[in-house]
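Engineer: Okay, handing you the structure first.
The values are calculated or read from the model by the stated rules, or taken from the named source; none is laboratory data. Note that the structure is a prediction, hence the values are computed from the model and not measured. Positions of Cβ are backbone-derived with ideal geometry, glycine not excepted, and every protein chain shown enters the neighbour counts.
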Amino acid sequence: MSQFWSKIVHELNPYIPGEQPQVANLIKLNTNENPYGPSPNVIDAISAANSQNLRKYPDPNANALKSAIAHYYREFGITSSNVFVGNSSDEVLGHAFKGLLKHDKPLLFPDITYGFYPIYCDLFEIEYQSVPLREDYSISIDDFSLENGGIIFANPNAPTGLALTLAQVESLLNKHKNSVVVMDEAYIDFSTGDVRTAVELISRHPNLLVTQTLSKARNLAGLRVGLAIGDATLIEGLERVKNSFHPYAIDTLALAGAVAAFEDTAYFSQCCEKIKATRAWFSESLTQLGFDVLPSHTNFVFANHPHKEAKALFTGLREQNILVRYFDKPRLDHFLRISIGTDTEMQQCAAVLKRLTQAP
Ligand SMILES: *Cc1c(COP(=O)(O)O)cnc(C)c1O
(Lines give C-alpha, C1' and ligand atoms only; values in the text may rest on other atoms or scores of the structure.)
Protein backbone atom coordinates (compact mmCIF):
# COMPACT_ATOMS: atom_id res chain seq x y z
CA MET A 1 0.00 0.00 0.00
CA SER A 2 1.23 3.45 -0.78
CA GLN A 3 -0.25 6.90 -1.02
CA PHE A 4 1.55 7.15 -4.36
CA TRP A 5 -0.44 4.35 -5.97
CA SER A 6 -3.34 5.26 -8.23
CA LYS A 7 -6.82 4.08 -7.31
CA ILE A 8 -6.67 1.33 -9.95
CA VAL A 9 -3.39 -0.03 -8.55
CA HIS A 10 -4.89 -0.27 -5.07
CA GLU A 11 -7.69 -2.43 -6.41
CA LEU A 12 -5.73 -4.75 -8.73
CA ASN A 13 -5.47 -8.49 -8.08
CA PRO A 14 -2.53 -9.31 -10.36
CA TYR A 15 -2.24 -12.60 -12.24
CA ILE A 16 -0.15 -15.23 -10.45
CA PRO A 17 1.80 -17.25 -13.02
CA GLY A 18 2.69 -20.91 -12.41
CA GLU A 19 5.88 -21.30 -10.40
CA GLN A 20 9.27 -21.33 -12.14
CA PRO A 21 11.36 -22.91 -9.35
CA GLN A 22 15.12 -23.19 -9.83
CA VAL A 23 15.29 -26.78 -8.58
CA ALA A 24 17.62 -29.37 -10.12
CA ASN A 25 16.00 -32.47 -11.68
CA LEU A 26 12.52 -31.09 -11.33
CA ILE A 27 9.96 -32.57 -13.72
CA LYS A 28 8.13 -29.39 -14.57
CA LEU A 29 4.58 -30.04 -15.72
CA ASN A 30 2.88 -26.93 -14.34
CA THR A 31 2.93 -24.20 -17.01
CA ASN A 32 2.27 -26.00 -20.31
CA GLU A 33 5.71 -25.31 -21.70
CA ASN A 34 6.80 -27.47 -24.60
CA PRO A 35 9.16 -30.25 -23.41
CA TYR A 36 11.12 -29.98 -26.65
CA GLY A 37 13.47 -27.14 -27.50
CA PRO A 38 12.83 -24.91 -30.52
CA SER A 39 13.86 -25.82 -34.05
CA PRO A 40 17.68 -25.62 -34.52
CA ASN A 41 16.92 -23.05 -37.24
CA VAL A 42 15.53 -20.75 -34.55
CA ILE A 43 18.79 -20.85 -32.62
CA ASP A 44 20.79 -20.26 -35.82
CA ALA A 45 18.63 -17.27 -36.75
CA ILE A 46 18.93 -15.75 -33.26
CA SER A 47 22.72 -16.21 -33.27
CA ALA A 48 22.98 -14.61 -36.70
CA ALA A 49 20.86 -11.64 -35.60
CA ASN A 50 22.92 -11.32 -32.45
CA SER A 51 26.17 -11.06 -34.34
CA GLN A 52 24.69 -8.45 -36.68
CA ASN A 53 23.97 -5.35 -34.70
CA LEU A 54 21.79 -4.78 -31.73
CA ARG A 55 22.81 -1.14 -31.87
CA LYS A 56 19.81 -0.22 -33.99
CA TYR A 57 16.10 -0.36 -33.18
CA PRO A 58 14.22 -3.29 -34.67
CA ASP A 59 11.60 -2.92 -37.42
CA PRO A 60 8.63 -1.41 -35.53
CA ASN A 61 6.22 -3.18 -37.88
CA ALA A 62 7.94 -6.57 -37.62
CA ASN A 63 7.16 -7.01 -41.31
CA ALA A 64 9.30 -10.12 -41.75
CA LEU A 65 7.30 -11.89 -39.04
CA LYS A 66 3.92 -10.71 -40.32
CA SER A 67 4.85 -12.04 -43.77
CA ALA A 68 5.97 -15.39 -42.37
CA ILE A 69 2.67 -15.76 -40.47
CA ALA A 70 0.61 -14.63 -43.47
CA HIS A 71 2.46 -17.16 -45.61
CA TYR A 72 1.75 -19.92 -43.08
CA TYR A 73 -2.00 -19.13 -43.29
CA ARG A 74 -2.07 -18.27 -47.01
CA GLU A 75 -4.65 -20.98 -47.80
CA PHE A 76 -7.19 -18.89 -45.85
CA GLY A 77 -6.43 -15.71 -47.81
CA ILE A 78 -4.48 -14.11 -44.96
CA THR A 79 -2.08 -11.29 -45.87
CA SER A 80 0.23 -9.17 -43.67
CA SER A 81 -2.55 -6.61 -43.20
CA ASN A 82 -4.49 -9.29 -41.30
CA VAL A 83 -1.64 -9.98 -38.87
CA PHE A 84 -0.66 -8.27 -35.62
CA VAL A 85 2.35 -9.33 -33.53
CA GLY A 86 3.29 -8.47 -29.97
CA ASN A 87 5.60 -9.17 -27.09
CA SER A 88 3.67 -12.29 -25.94
CA SER A 89 0.05 -13.15 -26.51
CA ASP A 90 -0.71 -11.75 -23.06
CA GLU A 91 0.34 -8.36 -24.42
CA VAL A 92 -1.65 -8.85 -27.63
CA LEU A 93 -4.70 -9.73 -25.52
CA GLY A 94 -4.08 -6.61 -23.42
CA HIS A 95 -4.20 -4.46 -26.56
CA ALA A 96 -7.40 -6.22 -27.64
CA PHE A 97 -9.05 -5.52 -24.26
CA LYS A 98 -7.95 -1.92 -24.38
CA GLY A 99 -8.74 -1.28 -28.03
CA LEU A 100 -11.54 -3.63 -29.08
CA LEU A 101 -13.41 -5.00 -26.07
CA LYS A 102 -14.29 -1.92 -24.04
CA HIS A 103 -17.82 -0.82 -24.89
CA ASP A 104 -20.91 0.21 -22.97
CA LYS A 105 -22.21 -3.35 -22.64
CA PRO A 106 -20.52 -6.13 -20.64
CA LEU A 107 -17.79 -8.30 -22.07
CA LEU A 108 -18.74 -11.97 -21.79
CA PHE A 109 -16.46 -14.89 -20.99
CA PRO A 110 -16.94 -18.28 -19.30
CA ASP A 111 -16.61 -18.53 -15.50
CA ILE A 112 -13.78 -20.97 -16.11
CA THR A 113 -11.29 -19.89 -18.75
CA TYR A 114 -7.91 -18.15 -18.93
CA GLY A 115 -7.48 -16.34 -15.61
CA PHE A 116 -6.05 -13.21 -17.18
CA TYR A 117 -9.33 -11.95 -18.68
CA PRO A 118 -10.94 -10.60 -15.47
CA ILE A 119 -7.60 -9.05 -14.53
CA TYR A 120 -7.44 -7.10 -17.80
CA CYS A 121 -11.05 -6.03 -17.22
CA ASP A 122 -10.02 -4.55 -13.86
CA LEU A 123 -6.90 -2.94 -15.28
CA PHE A 124 -8.72 -1.37 -18.23
CA GLU A 125 -11.99 -0.77 -16.33
CA ILE A 126 -14.13 -2.97 -18.55
CA GLU A 127 -17.47 -4.22 -17.32
CA TYR A 128 -17.81 -8.00 -17.68
CA GLN A 129 -20.19 -10.84 -17.01
CA SER A 130 -19.06 -14.43 -16.61
CA VAL A 131 -21.13 -17.20 -18.17
CA PRO A 132 -21.02 -20.53 -16.27
CA LEU A 133 -19.72 -23.58 -18.10
CA ARG A 134 -22.06 -26.55 -18.18
CA GLU A 135 -21.83 -29.25 -15.48
CA ASP A 136 -19.48 -31.22 -17.76
CA TYR A 137 -17.19 -28.17 -18.16
CA SER A 138 -18.10 -27.59 -21.80
CA ILE A 139 -19.02 -24.18 -23.21
CA SER A 140 -22.68 -23.71 -24.16
CA ILE A 141 -22.94 -21.26 -27.05
CA ASP A 142 -26.62 -20.62 -26.27
CA ASP A 143 -25.70 -19.35 -22.82
CA PHE A 144 -23.84 -16.46 -24.51
CA SER A 145 -27.10 -15.15 -26.01
CA LEU A 146 -26.96 -11.98 -23.92
CA GLU A 147 -26.41 -8.34 -24.79
CA ASN A 148 -22.67 -7.84 -24.91
CA GLY A 149 -19.84 -5.54 -25.86
CA GLY A 150 -17.67 -8.48 -26.88
CA ILE A 151 -16.98 -12.17 -26.21
CA ILE A 152 -13.68 -13.84 -25.41
CA PHE A 153 -12.59 -17.33 -24.43
CA ALA A 154 -9.78 -19.74 -24.97
CA ASN A 155 -10.52 -22.39 -27.60
CA PRO A 156 -9.37 -25.01 -26.68
CA ASN A 157 -10.32 -23.79 -23.23
CA ALA A 158 -7.98 -23.66 -20.26
CA PRO A 159 -7.66 -25.29 -17.84
CA THR A 160 -10.26 -27.80 -19.03
CA GLY A 161 -8.63 -28.74 -22.36
CA LEU A 162 -12.09 -29.02 -23.95
CA ALA A 163 -12.82 -27.28 -27.25
CA LEU A 164 -15.56 -26.12 -29.60
CA THR A 165 -15.48 -27.42 -33.15
CA LEU A 166 -14.96 -24.98 -36.01
CA ALA A 167 -18.68 -25.29 -36.88
CA GLN A 168 -19.65 -24.37 -33.29
CA VAL A 169 -17.36 -21.33 -33.38
CA GLU A 170 -18.99 -20.25 -36.62
CA SER A 171 -22.47 -20.64 -35.17
CA LEU A 172 -21.42 -18.39 -32.26
CA LEU A 173 -20.15 -15.84 -34.80
CA ASN A 174 -23.41 -15.99 -36.73
CA LYS A 175 -25.28 -15.00 -33.56
CA HIS A 176 -22.98 -12.12 -32.66
CA LYS A 177 -22.26 -10.02 -35.70
CA ASN A 178 -22.16 -6.67 -33.90
CA SER A 179 -19.51 -7.30 -31.29
CA VAL A 180 -15.91 -8.45 -31.41
CA VAL A 181 -15.42 -12.16 -30.73
CA VAL A 182 -11.90 -13.11 -29.65
CA MET A 183 -10.82 -16.74 -29.86
CA ASP A 184 -7.65 -17.25 -27.81
CA GLU A 185 -6.06 -20.18 -29.64
CA ALA A 186 -2.99 -20.69 -27.43
CA TYR A 187 -3.45 -24.49 -27.74
CA ILE A 188 -5.12 -24.95 -31.14
CA ASP A 189 -2.15 -26.75 -32.73
CA PHE A 190 -2.60 -29.66 -30.31
CA SER A 191 -6.23 -30.17 -31.37
CA THR A 192 -7.60 -32.98 -33.47
CA GLY A 193 -10.62 -33.76 -35.65
CA ASP A 194 -13.19 -31.00 -36.14
CA VAL A 195 -11.46 -28.65 -33.72
CA ARG A 196 -9.43 -26.38 -36.00
CA THR A 197 -8.19 -22.83 -36.09
CA ALA A 198 -10.85 -20.17 -36.68
CA VAL A 199 -8.40 -18.29 -38.97
CA GLU A 200 -10.31 -19.99 -41.78
CA LEU A 201 -13.45 -17.98 -40.79
CA ILE A 202 -11.85 -14.53 -40.85
CA SER A 203 -12.71 -13.76 -44.48
CA ARG A 204 -16.42 -14.23 -43.67
CA HIS A 205 -16.43 -12.69 -40.17
CA PRO A 206 -14.87 -9.20 -39.89
CA ASN A 207 -15.61 -9.15 -36.13
CA LEU A 208 -13.47 -12.24 -35.37
CA LEU A 209 -10.02 -11.86 -33.82
CA VAL A 210 -7.90 -15.00 -33.36
CA THR A 211 -4.94 -14.81 -30.98
CA GLN A 212 -2.09 -17.31 -30.79
CA THR A 213 1.27 -17.63 -29.06
CA LEU A 214 4.70 -19.04 -29.83
CA SER A 215 5.00 -20.12 -26.18
CA LYS A 216 3.32 -23.52 -26.40
CA ALA A 217 3.19 -25.37 -29.72
CA ARG A 218 6.16 -23.45 -31.13
CA ASN A 219 8.47 -24.28 -28.23
CA LEU A 220 9.36 -20.64 -27.41
CA ALA A 221 7.86 -19.56 -24.08
CA GLY A 222 11.12 -17.74 -23.31
CA LEU A 223 11.03 -15.62 -26.48
CA ARG A 224 7.74 -13.84 -25.65
CA VAL A 225 6.02 -13.56 -29.02
CA GLY A 226 2.29 -13.65 -29.65
CA LEU A 227 0.05 -12.74 -32.53
CA ALA A 228 -3.46 -11.89 -33.62
CA ILE A 229 -5.14 -12.50 -36.96
CA GLY A 230 -8.30 -10.76 -38.08
CA ASP A 231 -9.91 -8.32 -40.47
CA ALA A 232 -7.53 -5.47 -41.41
CA THR A 233 -9.66 -2.92 -39.51
CA LEU A 234 -9.35 -4.89 -36.25
CA ILE A 235 -5.60 -5.18 -36.82
CA GLU A 236 -5.39 -1.44 -37.42
CA GLY A 237 -7.13 -0.89 -34.07
CA LEU A 238 -4.51 -3.04 -32.34
CA GLU A 239 -1.70 -1.17 -34.13
CA ARG A 240 -3.09 2.12 -32.89
CA VAL A 241 -3.01 0.89 -29.28
CA LYS A 242 0.46 -0.67 -29.66
CA ASN A 243 1.92 2.43 -31.27
CA SER A 244 0.58 4.46 -28.36
CA PHE A 245 2.32 2.17 -25.89
CA HIS A 246 5.27 0.10 -27.17
CA PRO A 247 6.13 0.63 -30.87
CA TYR A 248 9.18 -1.69 -30.81
CA ALA A 249 7.40 -4.56 -29.08
CA ILE A 250 9.24 -7.31 -30.99
CA ASP A 251 12.96 -7.10 -30.33
CA THR A 252 15.63 -7.96 -32.91
CA LEU A 253 16.36 -11.43 -31.50
CA ALA A 254 12.71 -12.34 -31.04
CA LEU A 255 11.95 -11.24 -34.58
CA ALA A 256 14.68 -13.45 -36.05
CA GLY A 257 13.70 -16.46 -33.92
CA ALA A 258 9.97 -16.13 -34.49
CA VAL A 259 10.35 -15.95 -38.28
CA ALA A 260 12.47 -19.10 -38.25
CA ALA A 261 9.92 -20.86 -36.01
CA PHE A 262 7.08 -20.13 -38.47
CA GLU A 263 9.19 -21.24 -41.43
CA ASP A 264 10.20 -24.62 -40.01
CA THR A 265 6.85 -26.28 -40.46
CA ALA A 266 8.31 -29.81 -40.47
CA TYR A 267 9.86 -29.48 -37.00
CA PHE A 268 6.67 -27.86 -35.69
CA SER A 269 4.38 -30.66 -36.91
CA GLN A 270 6.75 -33.32 -35.63
CA CYS A 271 6.73 -31.85 -32.08
CA CYS A 272 2.93 -31.44 -32.06
CA GLU A 273 2.47 -35.05 -33.20
CA LYS A 274 4.83 -36.33 -30.50
CA ILE A 275 2.94 -34.42 -27.80
CA LYS A 276 -0.42 -35.69 -29.05
CA ALA A 277 0.87 -39.27 -28.99
CA THR A 278 2.21 -38.85 -25.44
CA ARG A 279 -1.07 -37.25 -24.36
CA ALA A 280 -3.02 -40.24 -25.71
CA TRP A 281 -1.16 -42.93 -23.76
CA PHE A 282 -0.82 -40.77 -20.64
CA SER A 283 -4.58 -40.05 -20.58
CA GLU A 284 -5.22 -43.75 -20.97
CA SER A 285 -2.89 -44.61 -18.06
CA LEU A 286 -4.65 -42.09 -15.83
CA THR A 287 -8.01 -43.56 -16.77
CA GLN A 288 -6.73 -46.99 -15.79
CA LEU A 289 -5.74 -45.58 -12.39
CA GLY A 290 -9.35 -44.50 -11.89
CA PHE A 291 -9.05 -40.84 -12.89
CA ASP A 292 -11.70 -39.03 -14.91
CA VAL A 293 -9.74 -37.32 -17.66
CA LEU A 294 -11.41 -34.62 -19.74
CA PRO A 295 -10.71 -35.26 -23.44
CA SER A 296 -7.84 -32.88 -24.11
CA HIS A 297 -7.22 -30.77 -27.21
CA THR A 298 -4.17 -29.18 -25.59
CA ASN A 299 -0.69 -30.02 -24.30
CA PHE A 300 -2.07 -30.72 -20.82
CA VAL A 301 -4.65 -32.98 -19.26
CA PHE A 302 -7.22 -31.99 -16.67
CA ALA A 303 -8.05 -34.93 -14.45
CA ASN A 304 -9.72 -35.74 -11.16
CA HIS A 305 -9.80 -38.87 -9.05
CA PRO A 306 -13.11 -39.77 -7.39
CA HIS A 307 -11.45 -41.09 -4.22
CA LYS A 308 -8.27 -39.06 -3.83
CA GLU A 309 -7.94 -35.39 -3.01
CA ALA A 310 -6.27 -33.42 -5.77
CA LYS A 311 -4.37 -31.32 -3.28
CA ALA A 312 -2.87 -34.42 -1.63
CA LEU A 313 -1.88 -35.81 -5.05
CA PHE A 314 -0.30 -32.46 -5.91
CA THR A 315 1.75 -32.57 -2.69
CA GLY A 316 2.68 -36.23 -3.17
CA LEU A 317 3.94 -35.50 -6.70
CA ARG A 318 5.85 -32.47 -5.47
CA GLU A 319 7.62 -34.62 -2.87
CA GLN A 320 8.86 -36.73 -5.79
CA ASN A 321 10.09 -33.62 -7.62
CA ILE A 322 7.17 -33.51 -10.05
CA LEU A 323 5.43 -30.17 -10.29
CA VAL A 324 1.88 -29.99 -11.68
CA ARG A 325 -0.82 -27.31 -11.34
CA TYR A 326 -3.48 -27.30 -8.67
CA PHE A 327 -6.15 -24.58 -8.53
CA ASP A 328 -7.56 -23.86 -5.10
CA LYS A 329 -10.86 -22.58 -6.52
CA PRO A 330 -14.48 -23.75 -6.58
CA ARG A 331 -15.23 -26.23 -9.40
CA LEU A 332 -11.49 -26.70 -10.03
CA ASP A 333 -10.15 -27.84 -6.68
CA HIS A 334 -10.71 -31.56 -7.25
CA PHE A 335 -8.63 -31.51 -10.45
CA LEU A 336 -4.97 -31.59 -11.37
CA ARG A 337 -3.73 -29.94 -14.53
CA ILE A 338 -0.74 -31.85 -15.83
CA SER A 339 1.27 -30.53 -18.78
CA ILE A 340 2.45 -33.09 -21.32
CA GLY A 341 6.22 -33.54 -21.09
CA THR A 342 8.50 -36.09 -22.72
CA ASP A 343 7.54 -39.78 -22.67
CA THR A 344 10.09 -40.41 -19.90
CA GLU A 345 8.72 -37.59 -17.75
CA MET A 346 5.16 -38.79 -18.19
CA GLN A 347 6.11 -42.39 -17.37
CA GLN A 348 7.60 -41.13 -14.10
CA CYS A 349 4.54 -39.02 -13.40
CA ALA A 350 2.22 -41.96 -14.08
CA ALA A 351 4.32 -44.23 -11.84
CA VAL A 352 4.12 -41.81 -8.89
CA LEU A 353 0.37 -41.33 -9.41
CA LYS A 354 -0.05 -45.09 -9.44
CA ARG A 355 1.62 -45.35 -6.02
CA LEU A 356 -0.33 -42.41 -4.63
CA THR A 357 -3.71 -43.63 -5.84
CA GLN A 358 -3.17 -47.24 -4.81
CA ALA A 359 -1.95 -46.35 -1.32
CA PRO A 360 -4.70 -46.87 1.28
C1 LIG B 1 -0.26 -19.50 -22.26
C2 LIG B 1 -1.50 -18.78 -22.61
C3 LIG B 1 -1.46 -17.45 -23.04
C4 LIG B 1 -0.23 -16.61 -22.95
O5 LIG B 1 0.74 -16.85 -23.86
P6 LIG B 1 2.06 -15.95 -23.86
O7 LIG B 1 2.29 -15.68 -25.30
O8 LIG B 1 3.13 -16.81 -23.25
O9 LIG B 1 1.79 -14.71 -23.08
C10 LIG B 1 -2.64 -16.86 -23.47
N11 LIG B 1 -3.80 -17.53 -23.41
C12 LIG B 1 -3.89 -18.78 -22.98
C13 LIG B 1 -5.20 -19.47 -22.96
C14 LIG B 1 -2.73 -19.44 -22.55
O15 LIG B 1 -2.82 -20.68 -22.07
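Engineer: Write out, first by first residue and then by second, each pair whose Cβ atoms fall under 6 Å of each other, whose residues are 6+ apart or on separate chains, and whose first residue, in the stretch 198-222, is without any contact (Cβ under 8 Å) to a residue 40 or more places away in the chain while the second is within 12 Å of the ligand (Cβ to nearest atom) and outside any loop (DSSP other than H, G, I, E, B).
Structural biologist: Close Cβ pairs (under 6 Å, with a partner that is within 12 Å of the ligand (Cβ to nearest atom) and outside any loop (DSSP other than H, G, I, E, B)) amount to VAL210/MET183.
Engineer: Okay, next question. Across the stretch 306-360, what is the total count of residues that are hydroxyl-bearing (Ser, Thr, Tyr) and in contact with a Ser or Thr (Cβ under 8 Å, 6 or more places away or on another chain)?
Structural biologist: Within the stretch 306-360, residues that are hydroxyl-bearing (Ser, Thr, Tyr) and in contact with a Ser or Thr (Cβ under 8 Å, 6 or more places away or on another chain) number 2.
Engineer: I want to confirm something. Restricting to the stretch 160-176 and keeping residues that are among the hydrophobic types (A, V, I, L, M, F, W, C) and in a helix (DSSP H, G or I), which single residue is nearest to ASN219 (Cα to Cα)?
Structural biologist: Ranking the candidates gives LEU166 first.
Engineer: Could you tell me how many of the residues in the stretch 55-84 are in contact with a Ser or Thr (Cβ under 6 Å, 6 or more places away or on another chain) and either among the hydrophobic types (A, V, I, L, M, F, W, C) or not in a helix (DSSP H, G or I) (or both)?
Structural biologist: 3
Engineer: Quick check on my filter: what residues within the stretch 59-81 are farther than 26 Å from ALA49 by Cα and either modelled with pLDDT under 95 or not charged (D, E, K, R) (or both)?
Structural biologist: PHE76, GLY77, ILE78
Engineer: Okay, moving on. Can ASP142 be described as surrounded by fewer than 18 Cβ atoms within 10 Å (Cβ to Cβ), assigned to a loop (DSSP other than H, G, I, E, B), away from the ligand (no atom under 13 Å from the Cβ) and without any contact (Cβ under 8 Å) to a residue 40 or more places away in the chain?
Structural biologist: no
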